[in-house]
Every structure is written in C-alpha cells, then in structure tokens.
Amino acid sequence: MTTPDAAHWQAMGRTADPLADRTVAVLVGPWTDTDGAVSGPGAARLAAATRLMATWTTNASLADWAPPPDADPEVAAILAAYLDEGRRLPEWVRPADIERAEALFMAYGPLSCTLLFCASLPECYVLPHLAEVLHAAGQLEAHTEHRIRQTAAMVFPVMMKGGLLQPDGCGVAQVLKVRLIHATIRHLILRGEPGTVHGEVGARPHPGPRASMHQALVAHGWSVARQGVPCSQTELAYTLLTFHYVFLRGLRQLHEPIPPEDETAFLHAWNVAGHVLGIRSELMPADMAEAERMFETIQALTLAQPARRDVRPGLGRALMDAMARSIRVPVLRSLPVPITRWLVGPATAAAIGADERVGLPARMLFATGLALTRGVDGLLRIVWPRFSLVRLFTRAVGYHLMSRFLLDQTRPLNLPQALLDPMHDTIAGWHQDPHAPRWAHHLEDRLTTVGPWKAVR
C-alpha cells in the first residue's frame, strides 16, 4: 500500500467516521434551530448514552453487554449496534507485536509519560483546525489538566498488559468511548451529521463562561468548505502519529536503543487501536520511515490552511504552566519547557507558545547541561552499558507529572477500578531503573520519593 499523497490527505480532511457519526445522529435525532442536541430529547438521549457508556468497563463487557434494567431501550439498542461493529479488531492484527509494544511502553515507565506530556500532547496542538476544536470543546486553556488526564485515560488502558487483546483488558472499551466523543464533537459543531452539512455553519452568540461543552461547540461556527470536518480522518491519523511515531522519535532523541522490530511492533499496536478509533487503514504507517513522511505531509498541508484565529499559543502555554505546577522539586521545575522544545523542535515550540515560557539564558543552560550529561553518559556506559543521566532526569520529571495527573486520589482518573488498581501497582514498580547503578537509585530518590511510587492521597 502506497503512502497517501497530499490530494488524498485533503480528501480525508473532508471525511469523518460513518459508524460513530451514524450512531450519534440517531441518538440526537433531526437537528432543528431550537438546538435539539443541547436541550430537549436529543440532549436527554446523549446524556443517557453517556451514562450507559460508563458500564463499558472491560473488553469482555462489550461482547455480552447488557444495559441496566432502567435504561432507555431505544438508546441501549443504538449503543449495542455500535458495539457490535466497533469492538472488532482488524483481520491484520498481530498479537505478538501488541504484546511486544506493551512491554516496551512499560519498560520505559515514567519516561513514557514524559514523552506523552512533553512531545505527543504538544504536537497535537500544532494543527490549526484541530487546535481550534480543542479550544472550542470547553475552552481547554482553562481545563488543561482535564485534557492531560483524559489522554492518559486512553493511553494507559491501551498500553497496559492485555489492554487490546485480553477479555479483562480495558483498551478497546476506552477507545470506543473516545470514538463516540469525537463524533459528538463533530455533530455539535456542524449541527448535523457530517456529509449532510456543507458550506458555512455560522457562529452564534457566545453562550457565556458557564456554558456546557455542548453549548460552546454549537455556538462555535465552522466552515466545511475551508476547514473540512472537525476531527476528520486526517486529524485522527495525525493524532495517532503523535501516540506512536512521536513517542518512538522521542526515544531516538533520548539515545535509547530500540530495535527496529520493537518500533514496528509499537506502530502496529497503536494502528490496531486506531482501527478501533475509526481510522482508515491506508492512513496508518507500516514503519518509521512511512510514519515520518505522513507526519511531515499532514503538518505541511494543514499549516498552509490557517485557522480564523490562532488558538495554539494559548493551548501550549497552558500545557507548559500545568506541567511546571506539577513539579515540587525546584531543580526540576523548569525542565518540562526546554525538554518539550528539544523534543518537538523550535518551530513547533514557537507555534504553540512554548518559547514564551523559557528565555534565552534558560535555553542555553539546558543545552549546556544536556551536552554535559550526554558526555558523562558516554563515559559511564563503558562500565554500565545502559546507564543514562538523561534517562534519570526524564524519569524524575515523569514521576512528578504522574503524581499530579495520574496518582492524585483526590481526583482519580475516570477509569474502572479493575484498571486503576493494576495501573497503580505497575507505576509503584517503576521507582527503580533496572539499568542504573545503586548510587543512581539514591539520586533519583532525592528527586522523586523514597520507595514505591504510590498514589497520592
């Protein structure tokens, strides 16, 4: 299969997700000027569907899903039809590669989280129209931590052992929830089912600071002719690339030795998740070279079509500030911004406003420190072949980010307890780098905490 060219990506920018869009359209019913999707029967059915989706806890629960006795039978039937088709894995799934990808993600533990927060999420903000959707969906500058936590609530279920393949895994269930959220966003912004809406969807008077997400999306306005459809196939494919390609690219930048077969396995695992998310198979890369071409093509294509208002700096600045607030150790507090700039590059950092959070002296200090630690790593690897000070510091940053966004028990992740418990057990076991010497463990304890990394109460 050949890599899609610019013309195909443009066409995919006007293409959505028939299964999920059809499901939401049936739930909402005919659209009227009285905002039936945010008030009245349409809103009631969406709310009922959201409550029922909470019962999708494990992959096994999807196969024999039985709604509660008091559920609206019409809504339950619509969701059952969606599950019947959406939960199926593709014929090309390779279980051994998925298991290999799970092991890779877990082996890097807190470093994986640093790459998620400092590379994958920032790259999501680069596409102007995608950033506009994120901005419209609840003014996410003010709800950045919610965005971070929701992203982690999908990544961990997919990457935990058995997340996509085992009956007690939760990956498929979580991805199918996200898929319907995307379709709901599209339907509300367009005020109708994609494919039936063309031209300009006019903005409405701003609903006010206390507006619900649904009200804000309906009021936003959109130009299908100029912007394509919200959360299009192109944007979904790009988001998938931030989860697998950007993660692997970050490991390369950190000089972590990843065999090519592990990279291919990681791409494959997320491609399977992408299939469940409703992404077309020809938009998924088979290897790193193809992933790089796709990533660069989509960025070049979409950056040539600027949004009405550039909301990217606001999103990026809010993300940088949220990460800085999460770190209690002063020596580490300033690291997320230069780490982000290093991982995504100066052009992306400037586009999302990250450069505004770090001055020239700080950049020079970070560059000097990075060069020194790499030099030390080169020498110490003569004795400890897998040793890395760069990994030590990025692990420490990852710990603080996880403590704030994933382990805070005063606001637990919206995940089934069957997943939260093993996730916490897994994170607790990340407190020591198996490739580091004992003295490095003591240094890391000073930068994080002593003993297992437990949930914060």
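The values are calculated or read from the model by the stated rules, or taken from the named source; none is laboratory data. This is a predicted model, so every value here is computed, not measured. Cβ atoms come from the backbone with ideal geometry, glycine included; neighbour counts cover every protein chain shown.
Values as computed for the structure displayed
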quantity: Selection count, segment 156-178, where residues are under 16 Å from the mean Cα position of the chain (by Cα), within 22 Å of HIS268 (Cβ to Cβ) and surrounded by fewer than 22 Cβ atoms within 10 Å (Cβ to Cβ); calculated: 2
quantity: Check on HIS143, farther than 30 Å from LEU62 by Cα and without any contact (Cβ under 8 Å) to a residue 12 or more places away in the chain; calculated: yes
quantity: Every pair of residues 6+ apart whose Cβ atoms lie under 6 Å, when the first sits in segment 304-324 and is β-branched (Val, Ile, Thr) while the second is in a helix (DSSP H, G or I); calculated: VAL311/ALA131; VAL311/GLU132; VAL311/HIS135
quantity: Filter pass, LEU165 being at pLDDT 90 or above and either in contact with a Pro (Cβ under 8 Å, 6 or more places away or on another chain) or farther than 15 Å from GLY274 by Cα (or both); calculated: yes
quantity: Members of segment 72-88 found to be in contact with a helix residue (DSSP H, G or I) (Cβ under 6 Å, 6 or more places away or on another chain) and part of a loop (DSSP other than H, G, I, E, B), listed by number; calculated: ASP72, ARG87
quantity: Index of the failed condition, ARG226 passing every other in (1) of a type in the set (Lys, Arg); (2) under 20 Å from GLU123 (Cβ atoms); (3) touching an Asp or Glu at 6+ places or on another chain (Cβ under 9 Å); calculated: (2)
quantity: The lone exception for SER334 - which of (1) among the hydroxyl-bearing types (Ser, Thr, Tyr); (2) at pLDDT 80 or above; (3) within 29 Å of ALA436 (Cβ to Cβ) it fails; calculated: (2)
quantity: Subset of segment 1-14 (residues that are part of a loop (DSSP other than H, G, I, E, B) and either modelled with pLDDT under 90 or among the polar types (S, T, N, Q) (or both)); calculated: MET1, THR2, THR3, PRO4, ASP5
quantity: Subset of segment 15-70 [touching a helix residue (DSSP H, G or I) at 6+ places or on another chain (Cβ under 8 Å), at pLDDT below 90 and surrounded by fewer than 16 Cβ atoms within 10 Å (Cβ to Cβ)]; calculated: GLY29
quantity: Subset tally (residues that are farther than 16 Å from ARG404 by Cβ and within 18 Å of the chain's Cα centre (by Cα)) for segment 316-339; calculated: 2
quantity: Elements of type helices (runs of 4 or more DSSP H) contained in segment 308-385, each with 1 or more residues being surrounded by 16 or more Cβ atoms within 10 Å (Cβ to Cβ) and of a type in the set (Lys, Arg); calculated: 312-325, 330-333, 336-344, 360-380
quantity: Residue in segment 15-25 that is assigned to a helix (DSSP H, G or I), polar (S, T, N, Q) and touching an Asp or Glu at 6+ places or on another chain (Cβ under 9 Å) present; calculated: no
quantity: Top-ranked residue in segment 89-130 [being in a loop (DSSP other than H, G, I, E, B) and within 17 Å of the chain's Cα centre (by Cα); ranked as surrounded by the most Cβ atoms within 10 Å (Cβ to Cβ)]; calculated: TYR125
quantity: Restricting segment 378-436 to residues that are at pLDDT below 80 and of a type in the set (Phe, Trp, Tyr), the residue that is farthest from ARG333 (Cα to Cα); calculated: TRP384
quantity: Segments classed as helices (runs of 4 or more DSSP H), wholly inside segment 186-304, with at least 1 members that are of a type in the set (Asp, Glu) and either over 19 Å from the mean Cα position of the chain (by Cα) or buried (at least 19 other Cβ atoms within 10 Å of the Cβ) (or both); calculated: 233-253, 260-276, 288-303
quantity: Every pair of residues 6+ apart whose Cβ atoms lie under 8 Å, when the first sits in segment 213-236 and is closer than 16 Å to LEU301 by Cβ while the second is of a type in the set (Phe, Trp, Tyr); calculated: THR234/TRP9
quantity: Test result for VAL390, closer than 30 Å to ARG312 by Cβ, surrounded by fewer than 21 Cβ atoms within 10 Å (Cβ to Cβ) and hydrophobic (A, V, I, L, M, F, W, C); calculated: yes
quantity: Selection status of ARG411, of a type in the set (Lys, Arg), closer than 25 Å to LEU319 by Cα and not in a helix (DSSP H, G or I); calculated: yes
